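The values are calculated or read from the model by the stated rules, or taken from the named source; none is laboratory data. These numbers were taken from a predicted model, which means no experiment stands behind them. When we count neighbours, we look across all protein chains shown, and the Cβ atoms used for this are built from the backbone with ideal geometry, even at glycine.
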Amino acid sequence: MSPTVSSPARTIRIGSRKSQLALVQTYWVQEQLQKHFPDRTFEVHTMSTQGDKILDVPLAKIGDKGLFTKELEVGMLNKETDLAVHSLKDLPTRLPEGLMLGCVTERENPADAVVMHEKNKDKQLETLPAGAVVGTSSLRRLAQLRHHFPHLEFKDIRGNLNTRLAKLDAGEYDAIVLAVAGLHRLSMSDRIHQIIPPEVSLHAVGQGALGIECREGDTEVLELLKTLEHTPTAQRCYAERAFLRELEGGCQVPIGVNTTIEGDSLILTGLVASLDGQRVVKDSLTGAAVDAEQLGTELAQRLRKQGAHEILQEIFALINRSGKLKEVLSEQD
Ligand code: DPM
């Protein structure tokens with residue numbers, strides 16, 4: 001009689017973008033999975049996405065649907081990879097058929113930070129001189145900061161974190177705005193000059209958390225991912241994502257959020273702003289954390305009635321009319 005041979009467990013292949021930040025995040029996930037499942041093999045496969053290739057066009061102009069995720073998703077649908085690690089804020093709120101959000105990891109500080117040029121080191125955003133140039137290609141940051149600091153100029157900035165910091169240091173900008181989480185993960189927290197509080201600027205949906213995407217029905221992978229899920233973060237992010245989905249905003253719209261959990265309750269604040277920062281529609285809702293998605297949807301419907309709909313329609317029209325956005329961003333060529 002031949003001995004029973006159990007088939008070896010399959011190797012789990014993790015898809016990742018090639019940027020330094022993406023790789024740090026992916027290797028962290030690989031390491032966590034390896035710790036929980038020492039007998040299994042986890043391999044990292046890197047790929048370039050459209051968003052990594054187009055570096056010279058303002059982000060808001062090249063559309064957003066899955067700019068940083070599509071190639072990774074094709075890899076999973078073709079079964080070349082089994083899961084993909086994303087900055088949750090770059091993952092569209094509607095996923096392709098056959099794929100799902102398998103888990104959400106514990107969130108870092110979701111706020112934005114100001115990185116100052118050396119010459120402004122004793123200044124804050126509020127004390128920068130009129131006309132000082134702040135670099136960001138986020139319409140969300142642009143609209144909210146314009147609202148609070150109308151004396152500042154805003155200029156588009158692209159490229160990875162190191163490129164952006166180099167442009168700042170070279171004097172192209174007086175200050176730039178970046179996510180605390182990204183700087184922290186790349187061990188560059190020492191560049192943070194000022195953390196922007198939620199009263200001034202709300203963060204992006206999903207900011208600071210990682211989202212791991214996998215094939216629907218891949219119970220084996222879903223079982224592995226359960227070990228990385230952080231329930232309070234997941235509840236907050238599900239509320240935020242439902243809010244964005246209901247407003248049909250892609251990742252490049254002036255929509256900001258803030259969430260906190262108190263006991264069994266979830267408090268969600270949402271904002272929609274016009275690009276000039278003049279009109280701001282903002283409200284909060286509290287509900288049961290277990291009904292996170294319902295809360296997000298409800299808050300979106302409420303904001304829409306309060307004027308968010310008109311603001312978003314104007315912005316979608318503007319983005320579709322090429323060239324116009326350049327003026328809005330007051331790019332200085
Ligand atoms: C999205 C935005 C930006 C990224 C738009 C926004 C920032 C673009 C810019 C959807 N994705 O935030 O309003 O400032 O030009 C991105 C970063 C991180 C994930 C970098 C950053 C790291 C933080 C995280 C780019 N995606 O925001 O500084 O994991 O949340």
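Here is the figure for the range 124-166: residues that are more than 17 Å from residue 277 (Cα to Cα) and among the basic types (Lys, Arg) total 2.
Just one of the listed residues (101, 88) is buried (at least 16 other Cβ atoms within 10 Å of the Cβ) and either within 11 Å of the ligand (Cβ to nearest atom) or modelled with pLDDT under 95 (or both), and it is 88. All but one of (1) in contact with a Ser or Thr (Cβ under 6 Å, 6 or more places away or on another chain); (2) more than 30 Å from residue 218 (Cα to Cα); (3) at pLDDT 95 or above hold for residue 107; state the number of the condition that does not hold. Here residue 107 meets the rest and fails (2).
For the range 197-220, which residues satisfy the criterion of being within 15 Å of the chain's Cα centre (by Cα) and under 27 Å from residue 44 (Cα atoms)?
Selection gives 205, 206, 207, 208, 209, 210, 211, 212, 213.
Reported count of residues in the range 150-161, each being surrounded by fewer than 19 Cβ atoms within 10 Å (Cβ to Cβ) and closer than 16 Å to residue 113 by Cβ, is 0.
Quick check on my filter: what residues within the range 295-322 are part of a helix (DSSP H, G or I) and of a type in the set (S, T, N, Q)?
Within the range 295-322, 297, 301, 306, 313, 320 meet the criteria.
None of 256, 270, 287 is in a strand (DSSP E or B), without any contact (Cβ under 8 Å) to a residue 24 or more places away in the chain and on the phi < 0 side of the Ramachandran plot except 287.
Of all the criteria given as (1) at pLDDT 95 or above; (2) in contact with a Gly (Cβ under 7 Å, 6 or more places away or on another chain), the one not satisfied by residue 161 is (1). Residue 211 - would you say it is modelled with pLDDT of 95 or more and either in contact with an Asp or Glu (Cβ under 9 Å, 6 or more places away or on another chain) or within 14 Å of the ligand (Cβ to nearest atom) (or both)? So residue 211 passes the test. Residue 195 - would you say it is away from the ligand (no atom under 12 Å from the Cβ) and within 26 Å of residue 91 (Cα to Cα)? When the stated conditions are applied, residue 195 passes them. Which ranges mark the strands (runs of 3 or more DSSP E) fully within the range 116-192 that have 2 or more residues being more than 10 Å from the ligand (Cβ to nearest atom), in the same structural domain as residue 18 (by TED's automatic domain parsing) and of a type in the set (D, E, K, R)? Result: empty, no element qualifies. One residue stands out in the range 18-75 among those that are within 13 Å of the ligand (Cβ to nearest atom), part of a helix (DSSP H, G or I) and modelled with pLDDT under 90: the one that is surrounded by the fewest Cβ atoms within 10 Å (Cβ to Cβ), namely 52.
Screening residue 93 against (1) among the polar types (S, T, N, Q); (2) away from the ligand (no atom under 16 Å from the Cβ); (3) within 25 Å of residue 28 (Cβ to Cβ) leaves a single unmet condition, (2).
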